[in-house]
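Engineer: Sharing a structure here in structure tokens format.
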Amino acid sequence: MSRSNIASKQLQIGSYRIRPVPTGVFGLDGGAMFGTVPKVLWEKSNPPDEQNRIEMEARALLLESTTDSRRILIDCGIGADFNEKYGEKLGPKFAEMYAVSEASGVEKSLQRLGLKPEEITDVILTHLHFDHAGGSTKAVGGKLAPTFPKARYYIQKANLETAQTPNMRERASYFAANFEPLIEAGVLEILNGPCEIAPGVSVEITDGHTRGQQIVKVTDGKSTLVYCGDLIPTSSHVRLAWVMGYDLHPLQLIDEKRALLTRAAKDGWYLFFEHDPYSDVALVQEAKGDFIPSEKLLLA
Ligand SMILES: [Zn+2]
């Protein structure tokens, strides 16, 4: 598996330059990532390590306006400061448990694109699982604070409620340290349903993975890109039945995925994958009642 044999292109949609922000590779159990799909099938596209973990990217997306100073970030990876966030018991083990790569983090990735945290104007959080929202807060002088001090953050009300009172299955994924400091700082906008966040940038709700996940659509009427979050985490998950063991409602997720893939195949939408270590986006096509990627791409 490698990114080197995949074509690369620059993508601009409306006034936004589309810039992937890989915040670092980590590992999750391959069986959990592919649910009922047998290992003999998924290990070809996603080879596991000796602990059966597959490589996952935590890829945020930056929408950089070419006409004004708007800098919209979608999700922000796992973050750091695990001791301050998760306590002395879990904190030191956290990076090892999830094989979090060291030289990573959303701030460093943005720095490579020439941006400082205070230049981010908006942070859209698809949902508050730690591998999506962990980078939204950090330790500042022994206290947790927003990583992006001048940004408004956006989350769906249903997802915030779920994160504040997590069920048994999601308890290990939702941590108050990743969102309560945003509420305390008064920077969290709580959305209630689909809406437009900026011109050409809107969110839609999908509940199959977790309650109140929002996926993000960027469009100028001609080109469209969807940030799929955990609805379609990697290009391997384009296939309808390839859903994660983590998904709370797999049948609902398949329906939501089919609806998105049908529109994407028909209108040539780019699908952006948050967790795919090998490609950033893909175009998709229908194939015998299912869907497959027709072209995988890296974004320059
Ligand atoms: Zn998730």
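The values are calculated or read from the model by the stated rules, or taken from the named source; none is laboratory data. These figures come from a predicted structure and were not determined experimentally. Counting neighbours? That spans all protein chains shown, and the Cβs are built from the backbone with ideal geometry, glycine included. Accessible surface is based on the protein model in full, side chains and every heavy atom, while ligands, DNA and RNA are left aside. Shrake-Rupley method; radii C 1.70, N 1.55, O 1.52, S 1.80 Å.
Engineer: Kindly check whether there is at least one residue in the range 80-88 that is more than 15 Å from the ligand (Cβ to nearest atom), open to solvent by 10 Å² or more (accessible area, probe 1.4 Å), among the polar types (S, T, N, Q) and not in a helix (DSSP H, G or I).
Structural biologist: No; the residues of the range 80-88 include none that is more than 15 Å from the ligand (Cβ to nearest atom), open to solvent by 10 Å² or more (accessible area, probe 1.4 Å), among the polar types (S, T, N, Q) and not in a helix (DSSP H, G or I).
Engineer: Still on this structure: Report the residue count in the range 212-223 for those that are away from the ligand (no atom under 16 Å from the Cβ) and either open to solvent by less than 10 Å² (accessible area, probe 1.4 Å) or touching a Pro at 6+ places or on another chain (Cβ under 6 Å) (or both).
Structural biologist: Within the range 212-223, residues that are away from the ligand (no atom under 16 Å from the Cβ) and either open to solvent by less than 10 Å² (accessible area, probe 1.4 Å) or touching a Pro at 6+ places or on another chain (Cβ under 6 Å) (or both) number 1.
Engineer: Then there's this: For residue 171, all conditions in the list (1) within 20 Å of the chain's Cα centre (by Cα); (2) surrounded by fewer than 17 Cβ atoms within 10 Å (Cβ to Cβ); (3) away from the ligand (no atom under 16 Å from the Cβ) hold save one; what is the number of the exception?
Structural biologist: (3)
Engineer: Checking residue 126 against (1) polar (S, T, N, Q); (2) over 20 Å from the mean Cα position of the chain (by Cα); (3) within 16 Å of the ligand (Cβ to nearest atom): exactly one of these is not met. Which one?
Structural biologist: So the condition that residue 126 fails would be (2).
Residue-by-condition table, conditions (1) in contact with a helix residue (DSSP H, G or I) (Cβ under 9 Å, 6 or more places away or on another chain); (2) farther than 15 Å from residue 226 by Cα; (3) assigned to a loop (DSSP other than H, G, I, E, B); (4) polar (S, T, N, Q):
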position	(1), (2), (3), (4)
261	yes, no, no, no
265	no, no, no, no
276	yes, no, yes, no
282	yes, no, no, no
296	yes, no, no, no
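Engineer: Quick check: anything in the range 71-79 open to solvent by 20 Å² or more (accessible area, probe 1.4 Å), in contact (Cβ under 8 Å) with a residue 12 or more places away in the chain, under 23 Å from residue 163 (Cβ atoms) and in contact with a helix residue (DSSP H, G or I) (Cβ under 6 Å, 6 or more places away or on another chain)?
Structural biologist: yes
Engineer: Are any residues in the range 96-112 over 18 Å from residue 171 (Cα atoms) and outside any loop (DSSP other than H, G, I, E, B), and if so, which ones?
Structural biologist: 96, 106, 107, 108, 109, 110, 111, 112
Engineer: Got a number for residues in the range 224-240 being surrounded by 22 or more Cβ atoms within 10 Å (Cβ to Cβ), farther than 19 Å from residue 10 by Cα, of a type in the set (A, V, I, L, M, F, W, C) and away from the ligand (no atom under 13 Å from the Cβ)?
Structural biologist: 1
Engineer: Please pick out the residue among 115, 128 that is within 23 Å of residue 230 (Cα to Cα) and either outside any helix (DSSP H, G or I) or among the charged types (D, E, K, R) (or both).
Structural biologist: None of the others qualify; the one that does is 128.
Engineer: Let me ask another. I'd like to verify a number: residues in the range 51-100 that are charged (D, E, K, R) and under 22 Å from the mean Cα position of the chain (by Cα), how many?
Structural biologist: Within the range 51-100, residues that are charged (D, E, K, R) and under 22 Å from the mean Cα position of the chain (by Cα) number 11.
Engineer: What is the number of the single condition among (1) at pLDDT 95 or above; (2) within 14 Å of the ligand (Cβ to nearest atom); (3) open to solvent by 20 Å² or more (accessible area, probe 1.4 Å) that residue 246 does not meet?
Structural biologist: (1)
Engineer: Starting from the range 207-218, take each residue that is under 16 Å from residue 254 (Cα atoms) and of a type in the set (Lys, Arg) and list its partners that are within 12 Å of the ligand (Cβ to nearest atom) and in a loop (DSSP other than H, G, I, E, B), counting only C-beta distances under 8 angstrom and pairs at least six apart or across chains.
Structural biologist: Taking only residues 6 or more apart or on different chains, the pairs are 211/248.
Engineer: Of all residues being within 30 Å of residue 222 (Cα to Cα) and free of Cβ contacts under 8 Å to residues at least 12 places away in the same chain in the range 2-46, which is surrounded by the most Cβ atoms within 10 Å (Cβ to Cβ)? Just the residue, please.
Structural biologist: 5
Engineer: Further question on the same structure: Evaluate the range 150-160: report whether one residue or more is farther than 25 Å from residue 13 by Cα, more than 16 Å from the ligand (Cβ to nearest atom) and open to solvent by 50 Å² or more (accessible area, probe 1.4 Å).
Structural biologist: yes
Engineer: Restricting attention to the range 174-211, which residues are of a type in the set (Gly, Ala, Ser) and either surrounded by fewer than 19 Cβ atoms within 10 Å (Cβ to Cβ) or part of a helix (DSSP H, G or I) (or both)?
Structural biologist: Passing the criteria: 176, 177, 185, 186, 193, 198, 200, 202.
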